[in-house]
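Chemist: This is the structure I want to talk about, given as structure tokens.
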Amino acid sequence: MADFKQLVFSGVQPTGNLHLGNYLGAIVKFVELQKSHDCIYCVVDLHAITVPQDPRQLTSSIREVTAAFIACGIDPKAHIIFNQSQVPEHAELAWVFNCVARLGWLNRMTQFKEKAGKDRENASVGLYAYPALMAADILVYRATHVPVGEDQKQHLELSRDIAQKFNNDFSEWIARTGFGDAFFPLPEPLIQGPATRVMSLRDGTKKMSKSDPSDYSRINLTDDADAIAKKVRKAKTDPEPLPSEEVGLKPRPEADNLVGIYAALSGSSKSAVLRDFGGAQFSTFKSALVDLSVTRLGPIGAEMKKLTGDPVYIDSVLADGSERAGQIARKTMDAVKDILGFIRH
Ligand code: AMP
Ligand code: TRP
């Protein structure tokens, strides 16, 4: 396949509270990748409205996710931070992809099944078509690498299928338009490290999520030291001391989760954490985890508060990012129109 310039893209929905799962599964990777790649990070507001949103709340959530990106260390000047709805090419390419993706592919998406629940007839068409919009987000920049948590793996596979089918269906026109044997790259998911799926603090078999009714199930990026300490101390555990080897975590989802969180926050691995804490009681381990969490998350929460207090600055970051993202997206969309045979001036 043709050689594509390496480019990182990822998105976070502006819905509810950003939590430790978003941070360790995604945002930490976003920050790291800035050193080695050009990066585009998007607040995906068009995805948010696939389920009902209160407009006032949505506005503040968009600003909050933007603030989190910056507070965690993403540089909006060296890279791009923007909100999806300011670059109309996302929705435009998504329509094209709605016509490329097959019903059978979308029918397999587990996130749709979970989110639609029992009353599927009443789910929005947008919720169903969500993965085609996600493919458009990535491919409108012809991005090659996508850092995400484990829960997005299936959507990434669908993005690759869409890219591949587009490349195949239009191969002749892609070649004639001067793009060689492939117009879209097949984007690679980057799902690595000890915390690609952070679980609820109340139930080690459930994903930590923005929508869990219990605030004790998650650590929010805006939680203060007190709240973090309370939540970690109350986190569900079992009565055994920690094992010394990683295999010992297998039948113990809560222990596995807390060790994974510690490893990710300290930039080490589960086995390294168990070398230090194997044989320790949870009370000892939890105290260390509280200290580590407060050290890592405290400054982020404080910076987020400062940034969200200055919406004019946040909005200017989004405007500037959207402008730069739009320039790339427009080029792709022009080429797509040529490949499809549309007329444009
Ligand atoms: P969302 O909040 O659904 O927009 O997710 C934003 C990013 O955080 C995506 O890359 C998700 O895969 C990731 N993410 C969300 N929840 C978790 C979790 N519990 N563990 C790890 N990653 C997560
Ligand atoms: N679907 C992702 C989630 O819920 C968010 C998202 C939208 C995304 N578009 C994307 C992630 C493109 C990576 C790339 O977490």
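The values are calculated or read from the model by the stated rules, or taken from the named source; none is laboratory data. Since this is a predicted model, take the numbers as computed values, not measurements. In this analysis, Cβ positions are derived from the backbone assuming ideal geometry, glycine residues included, and neighbour counts consider all displayed protein chains.
Chemist: Residue check, residue 237 against (1) β-branched (Val, Ile, Thr); (2) outside any helix (DSSP H, G or I); (3) within 30 Å of residue 141 (Cα to Cα), all met but one. Which one?
Modeler: Going through the list (1) β-branched (Val, Ile, Thr); (2) outside any helix (DSSP H, G or I); (3) within 30 Å of residue 141 (Cα to Cα), residue 237 breaks only (3).
Chemist: Something else about it: Look at residue 206 and say whether it is basic (Lys, Arg), in contact with a helix residue (DSSP H, G or I) (Cβ under 7 Å, 6 or more places away or on another chain) and either modelled with pLDDT of 95 or more or farther than 21 Å from residue 149 by Cα (or both).
Modeler: No.
Chemist: Next question. Could you list, ordered by first residue, the pairs with Cβ atoms under 9 Å in which the first is in region 200-224 and farther than 19 Å from residue 301 by Cα and the second is among the basic types (Lys, Arg) and in a helix (DSSP H, G or I), at least 6 apart or interchain?
Modeler: Partner pairs satisfying both residue conditions: 201/231; 201/234; 202/234.
Chemist: Inside region 245-311, counting only helices (runs of 4 or more DSSP H) that do not spill past its ends, which hold 2 or more residues that are within 18 Å of residue 200 (Cα to Cα)?
Modeler: 253-266, 282-308
Chemist: Across region 307-322, which residue is farthest from residue 39 (Cα to Cα) among those that are in contact (Cβ under 8 Å) with a residue 12 or more places away in the chain and of a type outside the set (Val, Ile, Thr)?
Modeler: 311
Chemist: Modelled with pLDDT of 95 or more and more than 10 Å from ligand 1 (Cβ to nearest atom), is that true of residue 22?
Modeler: Judged against the criteria, residue 22 is not a match.
Chemist: Taking region 159-199 as the search range and keeping residues that are closer than 15 Å to residue 138 by Cβ and within 16 Å of ligand 1 (Cβ to nearest atom), which one is surrounded by the most Cβ atoms within 10 Å (Cβ to Cβ)?
Modeler: 159
Chemist: Let me confirm something: among 9, 4, which residue is within 10 Å of ligand 2 (Cβ to nearest atom), among the aromatic types (Phe, Trp, Tyr) and not in a helix (DSSP H, G or I)?
Modeler: Criteria check complete, one pass: 9.
Chemist: What about residue 209, is it touching a Gly at 6+ places or on another chain (Cβ under 8 Å) and either within 16 Å of ligand 2 (Cβ to nearest atom) or not charged (D, E, K, R) (or both)?
Modeler: Against the criterion (touching a Gly at 6+ places or on another chain (Cβ under 8 Å) and either within 16 Å of ligand 2 (Cβ to nearest atom) or not charged (D, E, K, R) (or both)), residue 209 qualifies.
Chemist: Count, please, the residues in region 241-292 that happen to be surrounded by fewer than 18 Cβ atoms within 10 Å (Cβ to Cβ) and β-branched (Val, Ile, Thr).
Modeler: 3
Chemist: Still on this structure: Does residue 126 satisfy the condition of being within 14 Å of ligand 2 (Cβ to nearest atom), farther than 26 Å from residue 74 by Cα and not acidic (Asp, Glu)?
Modeler: Yes.
Chemist: Quick one: how many residues across region 178-211 are among the aromatic types (Phe, Trp, Tyr) and under 23 Å from residue 33 (Cβ atoms)?
Modeler: The number of residues fulfilling the criteria is 1.
Chemist: Can you find even one residue in region 24-32 that is assigned to a helix (DSSP H, G or I) and either within 18 Å of residue 130 (Cβ to Cβ) or more than 16 Å from the chain's Cα centre (by Cα) (or both)?
Modeler: Yes - at least one qualifying residue is present in region 24-32.
Chemist: Please indicate, with yes or no, whether at least one residue in region 8-19 is away from ligand 1 (no atom under 13 Å from the Cβ), closer than 30 Å to residue 181 by Cβ, aliphatic (A, V, I, L, M) and out of contact with any Lys or Arg (no Cβ under 8 Å at 6 or more places or on another chain).
Modeler: If we filter region 8-19 for residues that are away from ligand 1 (no atom under 13 Å from the Cβ), which is where we start, we get none.
Within region 8-19, not a single residue is away from ligand 1 (no atom under 13 Å from the Cβ), closer than 30 Å to residue 181 by Cβ, aliphatic (A, V, I, L, M) and out of contact with any Lys or Arg (no Cβ under 8 Å at 6 or more places or on another chain).
Chemist: Whether any residue in region 65-72 is surrounded by fewer than 22 Cβ atoms within 10 Å (Cβ to Cβ) and either of a type in the set (S, T, N, Q) or within 15 Å of ligand 2 (Cβ to nearest atom) (or both) is what I want to check.
Modeler: No, region 65-72 contains no residue that is surrounded by fewer than 22 Cβ atoms within 10 Å (Cβ to Cβ) and either of a type in the set (S, T, N, Q) or within 15 Å of ligand 2 (Cβ to nearest atom) (or both).
Chemist: Restricting to region 130-156, count the residues that are more than 10 Å from ligand 1 (Cβ to nearest atom), in contact with a helix residue (DSSP H, G or I) (Cβ under 6 Å, 6 or more places away or on another chain) and among the small types (Gly, Ala, Ser).
Modeler: Residues flagged as more than 10 Å from ligand 1 (Cβ to nearest atom), in contact with a helix residue (DSSP H, G or I) (Cβ under 6 Å, 6 or more places away or on another chain) and among the small types (Gly, Ala, Ser) within region 130-156 amount to 3.
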